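Below is one structure, written out as structure tokens, with a few remarks after it.
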Amino acid sequence: MPRDREKYNAWMRANRHRYAEAERARRRTDRYRAHERGRAVERRAEQRRKLLDFLGGRCQRCGIADERLLQFHHANGGGNQHRREAATAPGGKGTSYRYYAELLAWARERPGSVELLCANCHILAEWELEHGREDIA
Ligand SMILES: [Zn+2]
């Protein structure tokens with residue numbers, strides 16, 4: 001493979017099929033896949049961080065700030081469907097960086113529509129959405 005840019009481009013055009021085959025082989029390697037997984041993990045964490053910052057970084061009901069417990073609650077429901085629609089990363093499901101990016105844009109456009117809640121408060125919030133708010137003593 002020539003170093004000079006123009007020669008490289010000419011070489012690429014002349015050897016397009018060989019190059020494509022080499023590229024496909026490279027993408028099948030464990031090393032490449034691990035690299036891509038690592039990037040996806042980083043980008044996901046970055047997007048989640050932006051969302052946490054935007055929503056105040058602590059549970060909006062009880063105030064706990066342990067990020068391992070914090071979840072994003074759709075105040076009017078529909079969170080599961082929203083995630084399924086937005087999270088269709090290649091081969092992915094669940095909370096990809098695409099979902100977090102989409103959710104951040106969505107939350108910015110609709111103040112109050114996404115609440116940052118801890119896992120316990122989130123369970124209660126979902127229960128209240130389904131059954132109405134009740135005091136259980
Ligand atoms: Zn809470």
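Values quoted throughout were computed directly from the atomic coordinates according to the rules given, and no laboratory measurement underlies them. Keep in mind the model is a prediction, meaning the values are calculated, not measured. A quick note on method: Cβ atoms are made from the backbone with ideal geometry, for glycine too, and the neighbour counts reach across all protein chains shown.
A few notes on this one:
- Derived scalar couplings ³J(HN,Hα) [region 74-82; Karplus, 6.51 cos²θ - 1.76 cosθ + 1.60; whole Hz; x for Gly, Pro]: 7, 4, 10, x, x, x, 4, 5, 4
- Computed 3J(HN,Hα) for region 97-108, one whole-Hz value per residue from the Karplus formula 6.51 cos²θ - 1.76 cosθ + 1.60 where θ = phi - 60°, is 4, 5, 5, 5, 5, 4, 5, 5, 4, 4, 5, 5, glycine and proline marked x.
- Listed values for region 65-72 are Karplus-derived 3J(HN,Hα) couplings in whole Hz (6.51 cos²θ - 1.76 cosθ + 1.60, θ = phi - 60°), namely 10, 5, 5, 5, 9, 7, 9, 9, and x replaces Gly and Pro.
- ALA40/ALA105 FRET efficiency (R0 30 Å; Cβ-Cβ; nearest 0.05): 0.95
- Angle between the chain longest axis and helix 16-27 axis [Cα atoms, degrees, rounded to 10]: 40
- Gaussian network model of the chain, springs between alpha carbon atoms under 10 Å - residue of ASP66, ASP53, ASP30 with greatest fluctuation: ASP30
- With Cα atoms, 0 to 90° folded angle of helix 30-54 axis to the chain main axis: 40
- Least to most buried among HIS74, HIS131 (fewest other Cβ within 10 Å first): HIS131, HIS74
- Residues of the chain were split at every exposed loop site, defined as trypsin sites (Lys or Arg not before Pro) in a DSSP loop with at most 11 other C-beta atoms within 10 angstrom, and the longest piece left, sites excluded, is 29-92.
- Environment charge of TYR8, counting only residues whose C-beta is closer than 14 Å and scoring Lys/Arg +1, Asp/Glu -1: +4
- Crossing angle, helix 119-131 versus the chain [Cα axis fit, 0-90 degrees, rounded to tens]: 70
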